[in-house]
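The values are calculated or read from the model by the stated rules, or taken from the named source; none is laboratory data. Because the structure is predicted, anything quoted here is derived from the model rather than measured. Backbone-built Cβ (ideal geometry, glycine too); neighbour counts: all protein chains shown. Surface areas here come from the heavy atoms of the whole protein model, side chains and all, with no ligands, DNA or RNA. Shrake-Rupley method; radii C 1.70, N 1.55, O 1.52, S 1.80 Å.
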Amino acid sequence: MERLQKVIAHAGFASRRKAEQLIIDGQVKVNGKVVKELGLKVSATDRVEVNGIPVEKEEPIYFLFYKPRGVISSVMDDKGRKVVTDFLPELKQRVYPVGRLDYDTSGLILLTNDGEFANLLMHPKNEIQKVYVAKIKGIPSREKIRGLERGVQLEDGKTAPAKAKVISIDKKKQTAIVELAIHEGRNRQVRRMFEAIGHPVMKLKRESYGFLTLKGLNVGDMRELTPHEVKQLRALATTKPNN
Ligand code: URA
């Protein structure tokens, strides 16, 4: 069930504000009857018309994007920087990112117009495993890596158990590449976790989201999810743990 003004706006008829005005002005019918009530919720089976023109419900659409660094996880930026939707093909639907990656983080991010699906994936209760690869300053001791896994104290609380693995070290440059798998999705969490153990992140990439990876994609590439992948993601979010 969706609010009438949202259905009209999503179908591309008008902005949310204008859609509200259309309703107030008596230009909207639901199942043949004029509706002037703003809060009304309609379902997929309700027939919505604006001035006699049927409002088509948007087809849900799902994309996997390999976000480059230097791109905002948003549909708009007031400073004119590149945003994730700049990389989409021309679409009728308005899609938006599921969660966010920092401006300086590259990697896997999903985009959709399916709000219910996005909320399901982002709900803290259903947090899906995300694997990050970080280039960090210094070479972490085994104890520090253990600390990451057990959980570190951040200003918004201790992090949940995670998995961490040192992939390589560069003794000369005093840097290391570390893989970190987490289930939470707090703001700048990975950067803050490494900061907390004294090894600031120099470069960060999200390699996977649940079972989805960047395999076969180059940076800046976008592909549609298959219906099977969408189904599997829904199942993953509703069955825990060990995703
Ligand atoms: N953690 C971060 O610190 N940054 C991201 O972009 C994602 C997770």
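Quick one: with all protein chains in place, what share of the accessible area of the range 129-209 is carbon or sulfur, to the nearest percent (1.4 Å probe)?
Result for the range 129-209: 49 percent of the exposed heavy-atom area is carbon or sulfur.
Compute the distance in nm between two label points, each set 7 Å from the Cα along the Cα-to-Cβ direction, one at Glu224 and one at Arg81.
3.1
On alpha carbon coordinates alone, what is the Rg over Rh value for the range 58-187, Rh being the Kirkwood radius?
So for the range 58-187, dividing Rg by the Kirkwood Rh gives 1.03.
Over 23 Å between Cα atoms: which of Lys92/Lys205; Lys29/Lys57; Lys67/Lys203; Lys125/Lys165 fall into that group?
Lys92/Lys205; Lys125/Lys165
Which FRET efficiency value, to the nearest 0.05, do you get for Lys125 and Lys173 by plugging their Cβ-Cβ distance into 1/(1 + (r/R0)^6) with R0 = 45 Å?
It comes out at approximately 0.65.
In debye to the nearest 20, how big a dipole does the range 149-218 give about its Cα centre with +1 on each Lys and Arg Cβ and -1 on each Asp and Glu Cβ?
Roughly 260 debye for the range 149-218.
For the chain, what's the relative contact order in percent, using C-alpha pairs closer than 8 Å and at least 6 residues apart?
It comes to 19 percent, rounded to a whole number.
Give, rounded to the nearest 20 debye, the magnitude of the charge dipole that the chain has about its Cα centre when Lys and Arg contribute +1 at Cβ and Asp and Glu contribute -1 at Cβ.
Dipole size: approximately 1000 debye.
Can you quote the Å³ per residue value for the convex hull of the Cα atoms in the range 129-209, rounded to an integer?
Measuring per residue, one finds 76 Å³ for the Cα hull of the range 129-209.
Give the accessible surface of the chain per residue, rounded to a whole number of Å², with probe radius 1.4 Å and ligands, DNA and RNA excluded.
57
Report in % the part of the accessible area of the range 13-61 that belongs to carbon and sulfur, leaving out ligands and nucleic acids; probe 1.4 Å.
50
In the Gaussian network model of the chain, springs joining C-alpha atoms below 10 Å, which of Asn126, Asn51, Asn218 carries the largest mean-square fluctuation?
Evaluated over the chain, the most mobile residue of the options is Asn51.
Regarding the chain, what is the average projected area of its C-alpha convex hull, in nm²?
15.6
Leu154 to Thr213: FRET efficiency via 1/(1 + (r/R0)^6), r the Cβ-Cβ distance, R0 22 Å, to the nearest 0.05?
0.20
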